[in-house]
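Encoded as structure tokens, the structure appears first; notes follow it.
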Amino acid sequence: MKNSFIPVNNNIDKMLAFAPSLSQSYRQSQAIKSVPNYIETADVVNDLQKEGWKIGVGSIPHTEKGIGKYPTIINNVNEIAKSALSYFDSFKNKVLTSKQIEKLATDALRLRFNKAQNINSQQLLNVHRKEDKGDDLWTVFNRIQENLTKSNMMVDANGRLLTGTTSVKQDIAVNQKLYNLVEAYA
């Protein structure tokens, strides 16, 4: 799919089709019967901002008046998404040399582990899916990110499987540093 967003063109019926929770009648029919098992969006946004991410936050009341603001907000989000997708396309169009790939893997490994742990950086380049084959910046970035943050993707010098990132805070920190590192190659 070329574009991963769906334009609603300021049509409230289309918005309700994709997000029925915007409807007053839907919200009234839903009752929480147990304690919700999720992280509040505000908590996630606050944690991301503490880690240095710049996130625009606004408040929209869940009323008929607030719902009237959704078309404008959705159009703004779509514009931002188009811009981000275009930027990520530049990653996909940038082919790295084998030396650049090796340096990126070595530098990425240092984001999470110290040299004393003696881990082979080539493990970050292991391919686990056919979509991960390739030498473009986007593909290498995704391969490194998966191997760096998920458990049981790498082994240490003694052959022990390594755990992935163990908290949201650590995951955010590693991913932000990795993104900044990869952005320098774009």
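We did not get these values from a lab; they are worked out from the coordinates using the rules stated. Everything quoted here is computed from the prediction, not taken from an experiment. Positions of Cβ are generated from backbone atoms using ideal geometry, with glycine treated the same way; all protein chains shown enter the neighbour counts.
Observations
- As a proxy for reagent exposure, ranking 91, 141 by other Cβ atoms within 10 Å from fewest up yields 91, 141.
- Two-site label geometry, residue 160 and residue 176: point separation in nm, points 7 Å out along Cα→Cβ: 2.9 nm
- Highest average packing first - 72-80, 169-177, Cβ atoms within 10 Å: 169-177, 72-80
- On the basis of the beta-carbon distance and an R0 of 25 Å, residue 151 and residue 184 show a calculated FRET efficiency of 0.35.
- For 83, 121, the sequence from fewest to most other C-beta atoms within 10 Å is 83, 121.
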